[in-house]
Structures are given as structure tokens and as C-alpha cells.
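Notes for the one structure printed next.
The values are calculated or read from the model by the stated rules, or taken from the named source; none is laboratory data. These numbers come from a predicted model, not from an experiment. For neighbour counting, all protein chains shown are included, and Cβ atoms are generated from backbone atoms with ideal geometry for every residue, glycine included. Only protein heavy atoms, including side chains, enter the accessible area calculation; ligands, DNA and RNA are left aside. Shrake-Rupley method; radii C 1.70, N 1.55, O 1.52, S 1.80 Å.
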Amino acid sequence: MSKIDQLFSNLRREKRKALMPFVTAGDPDLAFTADVLRELVGRGCHLCEVGIPYSDPIADGPVIQASYTRALAHKIKLADILETLGGVAPKMEAPLVTMVSYAIVYRHGLEKYADEVQQRGLAGLIVPDLPVEESAQLAAICRRSDVSLIQLVTPTTPRERAVRIAETSTGFLYYVSVAGITGERTQLPPELVDNVGWLRTQTDLPICIGFGISKPEHVKLLAPVADGLIVGSAIVRRIAAAADEPREKVLRDVGDYVAELLAAMTNDE
Amino acid sequence: MIAFAAISVQLPLFLYSLSVFSVSSVSSVVNLPGLDSHAIAVENQRKELYHLMTSANAMTQVPDAAGRFGAFGGRYVPETLVRALDELGSEYDKACQDAAFQSELASLLKHYVGRPSPLYHAKRLSNECGGAQIWLKREDLNHTGSHKINNTLGQGLLTLRMGKQRVIAETGAGQHGVATATACAHFGLECVVYMGEEDIRRQAPNVFSMKLLGAEVRPVSSGSRTLRDAINEAMRDWMASVETTHYILGSVVGPHPFPRIVRDFQSVIGRETIQQSREQLGRLPDTIVACVGGGSNAAGMFYPFIEHANVALVGVEAGGRSAKPGDHAAPLSHGRPGVLHGSYSYVMQDDDGQTCDVHSMSAGLDYPGVGPEHSYWKDTGRVTYTNCLDKEALAAFDALAKSEGILAALESSHAVAKAMDLARSKPNEHAIVVCLSGRGDKDAAEIARLRSQHAE
Ligand SMILES: Cc1ncc(COP(=O)(O)O)c(C=O)c1O
């Protein structure tokens, strides 16, 4: 059983839902990334996604793009990111997964990337530009090393296809709330709850919703239908303040923010 | 993937020599009584297109159903875009079988674009080089001044078939932007064009044209503020607008099925060249030269020649200032296979998979990637790829202007430069055809600026 499987089986038994923050590695530097991850998990987050900065992220909105640009401006290297994550992951209760472009995984080498993820104590990867048709090779490699390869379903995915994607995904299934790029939204699509409800009837895999989630109201609305909620831009935007505010303050802000979301999650149940 | 590439080297070489259908049989002229010459020309054009899109000959076996040209191509995009790409592919397949679609496109190419574009013997330029004959395939004379219109009209028709009302596009040199804005004005579609700020500066005349044609030009300030970033922004727009919007990609790059569709729409260049060469030269040319940015004019020119194994094909990338990293935009010359903008192809990337900054004075060639079919042609050895420095292209621009009275686009000037080099080393019987992909009006101010920089 993988770390992520374990997490969701525990949560399900306790009838709880996961809060899963996203942070960009190396924004503004790797030492801060390690601190933020510890803060997030210390406040009770259940799983963290770490974005590997990429020069051409087409699924990302301005906030995450800018964080990638800041990190890459310091010539951040994949080897250093993996080393930092390897330093924090083993001491952490919450699993860490990397969100990484296939351009990077391919250049690094599929086997090598999966091996390193496993050896560093990371739990899996999300490759947002690798659709199911192209993922067979990486999926086989990940299966061998017990690393989860989390696949995405979106509002534009036809239903038969969504079922096929669910069959190949491991760890959890990432449901993208909106047709569009990452970024905070005030309103989420009205059909979202129904769509996830339908997907729920098709798979036993945990379903986690991401893209656009930023407010306690979103959490209250979605926690009942999902196994977990992913919050990205709202956190990355707060971390961006580390460029000109004291780091302690930024850490506290980020921590307070997720605490607010966690409270909204438990109040609902 | 590497093992796959090795296998693919053998197969196509065998297929080239096999050539199931020769293009001569395809373009046999109909002479129907009662039709005027226009109608006959349109009918011939339609038949050629129909053949191209439906024939089971060796060439059309690439790409395969997954969009692979050997190991190259594929579809590395967010799940959000997959359905739209599938729909585009199946709508295109249907259009290929639809005679009405073929006729409409053929008629537009003739009466609106002004095709066929001439094949012109540049005698004074040839004499200056002393050696082979240089012929120019005059895509610069098309409506809107480049080959880009061949693709935008085809994709414009597909947009209508898919019932979409809004079009987005990226542009580097502005030629694809102008051609898209033109097609949208013609078809009554809303048009938004993404363009890097650096390109807006250096290709200003085309920015005005796009606006006059009713398009909205959205400046892109991220990254290198060039073509690559404009593609990123267009893709991001499409992620959110994909249900109502078609993305008219301007080159043979991007996820499947774009490389195939754009190549097919551009193949009119090569098909006409074959026919015109037979008429004007009495045979096929010995060598074809085309510039390669994303690779659409080159792919359209080369593709019908692929099966004619004794015609040498030469693609010319932007050599920029030098062969040093960051000084050029020549992934086939200096890059390695990797993933960018949805497909697997040669690319300028660092060891971490981050896209490298590249340089060309020519906005249309200033791109770190290249279409996957070119990677396939490179690895199979069917096409030779080389590159040309900024200053060599500028010299060729001058030579063509002064000897022939033709202002070529800076992009096309790269091909002219290599053709001139080649001509010097070949005998007079040797015929070289250069794809003159566009006209140079857009570049006049930038060339003046580059000159004054050099003078300083
Ligand atoms: C005149 C001209 N030639 C060539 C190119 C390069 O594109 P491609 O390689 O797709 O033909 C451009 C692109 O903007 C262009 O405007």
C-alpha cells in the first residue's frame, strides 16, 4: 500500500477529508520551501503538492507562472529541489507529490525520475501535460517503484474517457474544477458538485478537486463530495509576499490561511 | 522512445523508393467540355487536394493515429484540451472526404489568395552567383504576403464546420497573425492574436494590419516576449475557451493533429512547384531550399517531394549570431529531442528540460522548437538541415533586392542565402528552387535599425 493509499484509507475510516496545498519549489528559495512545507503540515494539511518550476507552463495562470519565473530566475536546479524535498519528506507525516511537466521528466529520464521520487521518500507525481494516451510507459515505471501517478479529469473530459482515466490513475484522481488554467476564482461552475458526484459512482479511487479553490465557502461546498481539496494559487500568492516581507510573517499568514480552510472543512461535517 | 527512433530510420527510406502513387498521375489535367479555364483550374486543384488528403500512399502513413512521425510528435497537453484536439482531428478527417470542402478551399486559394503562386527563374541572381539556376517559388505574392494564408483559410473553414465563432492565434513575424485576421474577416469570425512584445516592436507594420482587419492583438510580456511565449499564452486562452474557440496554430508544431493539418494545407506549395517545374523546366528540380522556423513553409514545400528521392531537400534554420547556446534558433542543428508545446521533437533545452533562450533577428524563425515531422525527416536522412547566420541572411536580402527587385522576408532570406551558397558550387544545369515564403515590407524598418546598429 502506498503512502497516499494509506492516507486516504485512514481519512475515510475517520470520515475526514484532505486539505492539499500546492507550493512552488524554490520560491523564493529552497530553504523557505522546506519551512513552508513544515508549516503547512504542522497546521494539519494532509498532503502537499510541490510544483517543479517550468519555463513554459501552459496549464498555469499568472500567479503560479510568476512563482516559476521567480524560482527559475535564481537558476534553480532539479537536483537541488529533489535533495531539499528528500530532506523534509521522510520526517513528515503527510505525503509529498511533485507536480512536474513531462518536458522535465523526459529530459531527466523516466526511470531516473521515478526512482529518485521513491528514494527521496516522495509519494508520487502529477504530470499535468501527460494525457492518458501518452502515459503508459511512465505509468508502468511508477507502478514498479510504488510511486503514484495521479491522473487528471476535467470538465471537458467525455464520460467514457473519465472512466478510463480513473482506471489508470493511482493514489487519487485529480478532478479539475474548471476548463481553464490555475488561479483563484470567486465562483466555481454550478455543475461541479454533480460532475464529481457522477465520477464518485464510477470509481473507488479517492477524488480530489483542484483549480480555483481559495475560499472557506468553496471548501464547505466541495468537501462533502470529494476526498480532498487542492489549493494552489491562493497559497502561492501569499508566499510571493516573502520577497519583501519578513519570512516569519509570511509563514504565519500561510499557516493561518490553511487553518481557516481546515476549520471550514471540519465544521461542515 | 530511443529504441523506437532507431527502428524508424529503416522503414521510411524503403518507403521513399517505393512511391505507390507518383504525383504526376495525381495532377493529370482535366479538360472537361463546357467549363471555363477558371473552373477547370479549380477542379484540378480540388482533385489534387482530395488526393493528398485521402490517398493511402507512403507519405500519408505519417503521422500514425497517435500523431507520431516515427518517434516524434504525439500529444503532450493538459487533459482539458484533449477533447478539442480529438474533435479537430475527426472534423479534419471528414473534411478530407468532403468534395464541397475541397472545392471551397480550392476556389479560395485561386480567387482570393491568387494561387498558383509563380515559379520564377531569378536569372540575374543566378548569374551573380555563377553556377546553378535559382528559381523562386513566390509565396510572397500571395494575398497577405506569405504562405501563412494557405493554412489559415483551411483552418478557417474547419472552424466554421465545427460551429465555433471565435479564433485565437499566436504570431511571431506577424504574418500568421495577419493571415489569421484576414481569414477571420473573410469568414466573419472573432479574432484574437497573441504576440510577444519584442515581436510587436520589430514587426510593427503587421500589428497595424491586424488591427485594421478587426483583430485584437494581445501583447505577451512573459519570458522572452517572442513566438514561444505567444504560443504559451494562446494555449492558456484555449484552456479556458476551448468549447467555443478554435486555435489556428500557425506552423507544423504543437500537439497532434496540428502538425499534420498545417502540413497538408501548406502542401499546395510543393504540389504546384512539381507541376510548374515540369512545365517550365521540363523536369523536377535538383534541389529545394526552404527556411525552417516552426517549419510550415518547408513542410508544405518538401512533403510532395519526399517520395521523389533524387530531389535533394534542404531546410535552413536561423543560425543567429553564432553557434553558441543562446545565439541561434536552430534546434535541428544544435538541439536534441525533448518535449515542448505539446509534441516530442528537437528542441533547445537545458539539462533540466527548461526551454533555452534563443536568438534570431528574424521573428518568424526565433523559436526554440520545430515541427516533429522535420525531426523525423532529419533522423531518416531524407532532408538535410543547415543554418544561416543573421548577417548572411541580410546579405542575401540585399542581393535579391538589388539583382531582382524583390524584397524578401528576413525569414525567407535565410533560404535565399543557402541557395546562393549552393548555386556557387553547382553546374548551370542544376536547378534549385527556393521557397520564398514571404515578402519583406514588414522588415524594412527593422533592417534599417540593424544596419544603423552595425554602423555604430
Ligand atoms: C515569411 C515567413 N517565412 C517563414 C516563417 C517561419 O514559419 P514556418 O517555418 O512555419 O514556415 C514565417 C513565420 O512567421 C514567415 O512569416
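Here's the list of lysines a cross-link from B:LYS123 could span, going by alpha-carbon distance under 30 Å and ignoring same-chain residues fewer than 8 apart: B:LYS110, B:LYS137, B:LYS148, B:LYS391, B:LYS402, B:LYS418, B:LYS426, B:LYS442. In this structure A:LEU40 has an accessible area near 0 Å², from a 1.4 Å probe over the protein heavy atoms. Taking label positions 7 Å along the Cα-Cβ direction at both A:ARG159 and A:GLU217, the computed distance is 3.0 nm, reported to one decimal. Relative to a virtual label point 7 Å from the Cα of A:ALA243 in the Cα→beta-carbon direction, which members of region A:53-78 show backbone nitrogen distances below 14 Å? Only A:62-74 fall inside the zone, counting backbone N under 14 Å.
Taking every pair of alpha-carbon atoms in the protein assembly as shown, give the share separated by more than 52 Å as a whole percent. Write down the numbers at each step before the final one.
On the way: 38316 of 262450 pairs.
Above the 52 Å cut-off, the protein assembly as shown has 15 percent of its Cα pairs.
Accessible area ranking (1.4 Å probe, heavy atoms, ligands and nucleic acids excluded), largest first, for A:THR170, A:THR33: A:THR170, A:THR33. With each label modelled as a point 7 angstrom along the Cα→C-beta vector, the A:THR186-A:HIS74 pair spans 3.4 nm. When a 1.4 Å probe is rolled over the protein heavy atoms, the share of accessible surface on region B:72-168 that falls to carbon and sulfur comes to 49 percent.
Only protein heavy atoms count here, probed at 1.4 Å, and on that basis chains B and A bury about 3000 Å² of accessible area in total. In this structure, B:GLU243 and B:ASP98 have a Cβ-Cβ separation that, at R0 = 22 Å, corresponds to a calculated FRET efficiency of about 0.40. Since only B:SER362, B:TRP377, B:HIS341 are under comparison, the one whose Cα sits farthest along the positive direction of the charge dipole of region B:333-432, derived from C-beta charges on Lys, Arg, Asp and Glu, is B:TRP377. If you plug the beta carbon distance of B:LYS426 and B:ARG451 into 1/(1 + (r/R0)^6) with R0 = 41 Å, you get a FRET efficiency near 0.85.
Full extension of the chain segment joining B:ALA65 with B:LYS402 gains 116.5 nm, where the gain is 0.36 nm per residue of separation less the Cα-Cα distance. Here the spin labels are modelled as points 7 Å beyond Cα on the Cα-Cβ line, and at A:TRP198 and A:MET92 they lie 3.5 nm apart. Of the residues A:ILE141, A:ALA259, A:VAL153, the one whose Cα sits farthest towards the positive end of the charge dipole of region A:3-261 is A:ALA259 (charges of +1 on Lys and Arg Cβ, -1 on Asp and Glu Cβ, taken about the Cα centre).
Database note for chain B: Cys without another Cys beta carbon under 4.7 angstrom, B:CYS96, B:CYS129, B:CYS291, B:CYS356, B:CYS388, B:CYS435. Among A:LYS249, B:LYS211, B:LYS110, the order of accessible area from largest down is B:LYS211, A:LYS249, B:LYS110, computed with a 1.4 Å probe on protein heavy atoms. For region A:2-64, GluC sites (Glu not before Pro) are listed when DSSP marks them as loop and at most 10 other Cβ atoms sit within 10 Å of their Cβ; the list is A:GLU14.
Net charge dipole, region A:3-261: roughly 400 debye, given to the nearest 20, about the Cα centre with Cβ charges of +1 for Lys and Arg and -1 for Asp and Glu. Cross-link reach is defined here as a Cα-Cα straight distance under 14 Å, omitting same-chain residues fewer than 8 places apart; for A:LYS249 the aspartates and glutamates meeting it are A:ASP35, A:GLU39.
Bridgeable lysines around A:LYS220 (alpha carbons under 24 Å apart, same-chain partners fewer than 8 residues away excluded): A:LYS15, A:LYS17. For the pair region B:125-186 / region A:9-81, the C-alpha centres are spaced 43 Å from each other.
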